[in-house]
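Input: a single structure, listed below in structure tokens.
The values are calculated or read from the model by the stated rules, or taken from the named source; none is laboratory data. These numbers were taken from a predicted model, which means no experiment stands behind them. Cβ atoms come from the backbone with ideal geometry, glycine included; neighbour counts cover every protein chain shown.
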Amino acid sequence: MSVDLAKLNKFEPVFKESPTETEVPNGTYAVRVVKISTGMTQNDNPNFIWHLKILEGPEKGRMIFKNNILASHPSVEQFKKDLFMCGFEVESLKEAFQSKDDLLGTRLEVTKTSREQFTIVYFQKYLEQDEVPA
């Protein structure tokens, strides 16, 4: 019996969005900022998304993502601390968003923790270029 390929169409979106790897385990990792995305959340809050590539260890090459959703005073304060941790000092939020590509290549030590469907990534320290492999 052959498969009616047209019947697969309704499942294509799910297939395309399904992950191919398991989640990166909780832990501390040396990472490099490889991309910054920005946008708005469903609640119309600015979002700054860090794409972090793991540089060493058994998870080398895998990605971790950190979201800074600017929805409250504490979230804005945390975002500023994250920028400062990267050695990125700006005068305004607008400047941070406009010059986000200046963060590319930054190396950090981060701690990733997940509980249920929530993942939190903490920036622990800035890594000098000679502290981790390229």
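Would you point out which residue out of Leu5, Leu52 is within 19 Å of Gln124 (Cβ to Cβ) and not acidic (Asp, Glu)? Lay out the reasoning, then the answer.
Working: Leu5 fails: within 19 Å of Gln124 (Cβ to Cβ).
The match here is Leu52.
Please determine, by comparing only the residues of the range 100-134 that are among the charged types (D, E, K, R) and part of a loop (DSSP other than H, G, I, E, B), which one is modelled with the highest pLDDT.
So the first thing to find is which residues in the range 100-134 are among the charged types (D, E, K, R), and the list is 100-102, 107, 109, 112, 115-116, 125, 128, 130-131.
Then keep just the ones that are part of a loop (DSSP other than H, G, I, E, B); that gives 116, 128, 130-131.
Numbers: Glu116: 81, Glu128: 84, Asp130: 63, Glu131: 62.
Selected residue: Glu128.
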request  = Check Leu70, Leu93, Leu83 and return the single one that is over 13 Å from Val33 (Cβ atoms), out of contact with any His (no Cβ under 7 Å at 6 or more places or on another chain), without any contact (Cβ under 8 Å) to a residue 40 or more places away in the chain and not charged (D, E, K, R).
outcome  = Leu70
query = Residues of the range 74-89 being at pLDDT below 95 and surrounded by fewer than 16 Cβ atoms within 10 Å (Cβ to Cβ), which ones?
reply = Gly87, Glu89
ask   = What pairs come up if the first residue lies in the range 34-49 and is assigned to a strand (DSSP E or B), the second is among the charged types (D, E, K, R), and their beta carbons are under 8 Å apart, counting only those six or more places apart or on different chains?
value = Val34/Lys53; Ile36/Lys100; Ile36/Asp101; Thr38/Lys100; Phe48/Lys100; Ile49/Lys66
task = Please enumerate the residues belonging to the range 1-55 that are farther than 30 Å from Ser99 by Cα, surrounded by 10 or more Cβ atoms within 10 Å (Cβ to Cβ) and among the aliphatic types (A, V, I, L, M).
result = Leu8
task = State yes or no: is Phe97 more than 11 Å from Val31 (Cα to Cα), at pLDDT 95 or above and buried (at least 16 other Cβ atoms within 10 Å of the Cβ)?
result = no
